[in-house]
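Report on the following structure.
The values are calculated or read from the model by the stated rules, or taken from the named source; none is laboratory data. On a predicted model such as this, the values are computed, not experimentally measured, just so you know. Using ideal geometry, Cβ is built from the backbone for each residue, glycine included, and neighbour counts are taken over all protein chains shown. The protein model used for the area step is the full one, side chains on, heavy atoms only, and it has no ligands, DNA or RNA in it. Shrake-Rupley method; radii C 1.70, N 1.55, O 1.52, S 1.80 Å.
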Amino acid sequence: MSNLFNPFHRIAGVKALVWGEFFTIALSVLFIISDVAQDGFMHFTLLDTAAWKVLLMNHLAWLIFALLLYIGGAAMSRSRVRIIDVVGTIGFSQLLLIPMNAGFYIPAWRASFAESINRIVTGVMPQEVSMLPIVAMGVWSMIWLVLFVAWSYNAFCVSCNVRGTKAVIKFIVAWVIASVAVTQLAKLIYL
């Protein structure tokens, strides 16, 4: 069970980095096929845009967060922190974003989601039946998001050899800064 929440005692460094790159490319391909884009650190939306923009944003979100964690971990840790371990383990965590966004890959859910959003934007309340796939997708996504947060935090702690209240605070600060930075970059990239 501990491997489910923290696989980073077994995988780090170059191996984690290679897997992280593979998962980020796989996520990007699924997004491109499904007309989905990452327009915030942990915000995804329906958007028909150029493939290179989707690929770029997915990589920027990963790398910005990893670099912020590396800076915080290096400043806090008494041991030598290797950037490849931090970037690699955070990259490996990208695996969880694939199932988290599964609702976007299913045409019926995507259509229901788009229809409900269009109704809300135009001021018409969607029917309860049309909201069921969105609610189901929301619950599904939240489960994977919680696991992503656990993996990311454990990746940070293991790769930087940190723990405790200071580690939690640095993780939260990195998350908030990444959220702001990635959202602002998305606005520039998706113009």
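Given a 1.4 Å probe and heavy atoms of the protein chains only, how would you sort Phe5, Phe22, Phe171, largest accessible area at the top?
Most to least solvent-accessible, the answer reads Phe22, Phe5, Phe171.
Name the residue from Ala16, Val124, Tyr70 whose Cα lies farthest towards the positive end of the charge dipole of the chain, charges +1 on Cβ of Lys and Arg and -1 on Cβ of Asp and Glu.
The listed residue farthest towards the positive side: Tyr70.
Over region 46-96, what is the mean sequence separation of C-alpha contacts under 8 Å (at least six apart), divided by residue count, expressed as relative contact order in percent?
37 percent
Given Cα pairs under 8 Å that are at least 6 residues apart, what percent is the relative contact order of the chain?
34 percent
Which value, in debye to the nearest 20, gives the size of the charge dipole of region 2-190 about its Cα centre, when Lys and Arg are +1 and Asp and Glu are -1 at the Cβ? Intermediate values should be presented prior to the final figure.
Working: 12 positive and 7 negative charges, 173 e Å.
The dipole magnitude comes to about 820 debye.
For Asp35, what accessible area in Å² do you get when you roll a 1.4 Å probe over the heavy atoms of the protein chains, rounding to the nearest 10?
70 Å²
Using the beta-carbon distance between Ala150 and Ile98 and R0 = 22 Å, what value does 1/(1 + (r/R0)^6) give for FRET efficiency, to the nearest 0.05?
0.85
Hey, rough spin-label estimate for Arg119 and Ala26, points 7 angstrom out along Cα→Cβ, what's it come to in nanometres?
For Arg119 paired with Ala26, the spin-label model returns 3.5 nm.
Would you please give the FRET efficiency between Arg163 and Lys15, computed as 1/(1 + (r/R0)^6) with r the Cβ-Cβ distance and R0 = 22 Å, to the nearest 0.05?
That gives a FRET efficiency of 0.40.
List residues of region 58-93, by number, whose backbone nitrogen lies under 16 Å from a label position 7 Å along Cα→C-beta of Ile177.
Residues 61-77, 83, 86-87 fall inside that zone.
Taking semi-axes √(5λ) of the Cα gyration tensor in Å straight from the coordinates, which label in (i) 50, 17, 13; (ii) 32, 17, 16; (iii) 55, 30, 14 is the correct one?
Among (i) 50, 17, 13; (ii) 32, 17, 16; (iii) 55, 30, 14, the one calculated here is (ii).
Roughly how many Å² of Leu145 are accessible to a 1.4 Å probe, to the nearest 10?
Approximately 40 Å² of Leu145 is accessible to the 1.4 Å probe.
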